[in-house]
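Take a look at the structure below.
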Amino acid sequence: MILATATLLGLSLRGAACADNHLHTRHAHEYLERREYPQVPLTPPYRPLVWGDLNVIHTTDTHGWLLGHQKLSWAEPYYSGDLGEFFSFVTHMKQVAIDKDVDLLLIDSGDLHDGTGLSDGYPLGGVDAYESNKFLERLPYDLMTIGNHELYIYADTYDMYTNFVPHLAGRYLTSNVNITVFNSDGEPESVPVGSRYTKFTTRKGRRITSLGVIFNFTQNDVNTTVQTVDNMVREQWFIEAIAEEPDVFVLIGHMPVSNDSWPTVFNAVRAVHPLTPILILGGHTHIRDCRQYDGRSMALESGRYMETIGADLDAAKDNQDNITFTRRYLDQNRVTYEYHTQTSNQTFDTDDGRSISYGLEALAACFNLSYLYGTAHQDYTMNQNPYPSNGSLLSLFIEDAVPYALAINNTRDSIPNIIIINSWAIRFDLFKGSFTKNDQLTIMQYKDSFLYIANVTSGIANQVLPAMNKPTATKRKRDETGILSREINDTRDSDLLEEIDHRPGVSGREATSGNWTFGYVTRDSCPDADKADDTLHTALPYYTAPYYIGSNPPNVTADTPIDVVFLNYLGKEIIDILNSLQKDKNYTMNDVSSYSPTLTDEILGLYALAMWN
């Protein structure tokens, strides 16, 4: 891999120190007592797991959701388990595996950063997820890999390299990701963030070869390097790593199992080992999904935000026949965990699990995540309500919250404007009830700024947003970057989700029975597609939204000069479109100025303080 050529950053990483830990611990005990019984009744799974010879519990795209989903709007209670309860679940499942005399691996496919106040609520001078990752370190993960959210900021990558990766003892895999650091001679050197690959033997004596791959990501920070998947499989180390046949290849990576580069890795392995079982654990698109590339392989993706725990189960035998794989998407809550471990409230929690729950609650108190901005009187969702509508969070954000927040102490407030953002910058729903610091960071944790171009005639300015949303424009941007701008797959890949909706059989998001409770209704492409979900649900409604959204156009004549306001990383795109819409002026980045000191992660808090008290 190529050595990064830009100037190496020198970093001093530090975390946040919290005072009055006894007070925080007392609150944590109260918190744990509340968790022992669900705040609302939850439907349990409807049948036990099918155990095989080799079993995997899989997480991906957790994004700091370590305290679980705490709202009461559906289907949030089904994802209400916290990391301490997950730890207890894994502990019990490991014992079940021993009792059944089978193997069980715990695997994660990346994206620990950017998601909730636990990862993003750190005080000035801290590093994203530095504190929250300390709790993930305590989980007995057998394999982990890197996600793109570990690569946007060098400080985050360096923290992983320095503080997190060593805890995995060679099992944190970054086959195509390097970081530039100073070597022992004080010279910059590009080295893998983790290990390129690992080979190990399970408790039952199965020989495993594993790699950890990320998709062809291009928005990584300076002094990090992401090699394309095509080039990676040509490397000599890769050829040598897969040369010896194991009992099974376990390939993990931050890459969708549908419509991405997994076939490149799979085919490279298959060319050498035509019959060796292959398990693939992917991520990134935040959906439940499964693919089989042939009869002796299976690829699984386990959702997002600690909503789903994937169980990948393999009944492989030593022959050349197709392998019987099963998979199950578990709702992440205490009822699910107690059902599958045959425990009760009195026997489920382990001491280490309780300790993790205490610590997470203490960290939330340290970061003041319960700070109340106001009270929302209804749910505002990203996809359960159409855009635009009164229940759409996208409508609330761009039509009400952004115009209000950007007008505060702004000398250009009197000048009409149109404001344009990308809809996927918003990462989660806003639910009825208290709106806290944690909610603000969960919905919008990015600290992006707003820029503007002055004196664009209203008639031209009003054509910018439709031009950005033309299918040809969005397709071209997808082709150029692989993903749209920051990362459309953070919240939804509309094309892929619509494809899932139209797969044969019962629709992936269709309400199939009025007797079931709201939650995921998954239809993937693996066998028994109607039996993948662990708990039976009625699917919530789902509506697509445009890639870009804008504020209400000002009520002025077409020749009135107005401000075109936009997020800082949309500048080049806005300029190109303005130049395509008119020839009177050639716009450049010299025409772009800062519009407001208010950043995106502050907007909803400012709006709630003013409107929801």
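Readers should treat all values here as calculations from the given coordinates under stated rules, not as data from a laboratory. None of the values given here were measured: they were computed from a predicted structure. Glycine gets a Cβ as well: all are built from the backbone with ideal geometry, and neighbour counts include every protein chain shown.
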- Task: Report the one residue of LEU279, HIS167, LEU136 whose Cα lies farthest in the direction of the positive end of the charge dipole of the range 21-366 (charges on C-beta: Lys and Arg +1, Asp and Glu -1; origin at the Cα centre).
- Result: LEU279
- Per-residue ellipticity at 222 nm for the chain, helices alone: DSSP H runs ≥ 4 residues times -39500 (n - 2.57), over residue total, nearest 500 deg cm²/dmol? -7500 deg cm²/dmol
- Assuming a ≥ b ≥ c are the square roots of the Cα gyration tensor eigenvalues, decide whether the range 273-407 counts as rounded (a/c under 1.5), prolate (otherwise, with a/b larger than b/c) or oblate. oblate
- Note on the structure: Cβ-Cβ cut-off under 9 Å around GLY310, Lys and Arg +1, Asp and Glu -1: the net charge is +1
- Message: Compute, for the chain, the length of the dipole vector about the Cα centre, with Cβ point charges of +1 (Lys, Arg) and -1 (Asp, Glu) only. Units Debye, rounded to 20.
- Response: 400
- Message: Students often get this wrong: which residues of the range 446-464 have the backbone nitrogen under 13 Å from the point 7 angstrom along Cα-to-C-beta of ASP584?
- Response: 455-462
- Message: Debye calculation, C-alpha points only, no solvent: report log10 I(q)/I(0) for the chain at q = 0.11 Å⁻¹, in the same order as the q values.
- Response: -1.11
- For the range 21-366, what is the percent of antiparallel DSSP beta bridges, rounded to the nearest 5? 50
- Item | Diffusion constant of the range 69-155 at 37 °C, which comes from Stokes-Einstein with the Kirkwood Cα-pair radius and 0.692 mPa s, µm²/s | 217
- Message: On the Cα set of the range 21-366, report Rg and Dmax in Å, please.
- Response: 19.9, 61
- Note on the structure: Rounded to one decimal in nm, the spacing of the 7 Å Cα→Cβ label points at TYR46 and VAL191 is 5.3
- Query: Where does each of TRP237, TRP65 land when they are ranked from fewest to most other beta-carbon atoms within 10 angstrom?
  - Reply: TRP237, TRP65
- Task: Specify which residue in the list SER357, GLY459, SER109 is farthest towards the positive end of the charge dipole of the chain, using unit charges on the beta carbon of Lys, Arg (+1) and Asp, Glu (-1), about the Cα centre.
- Result: GLY459
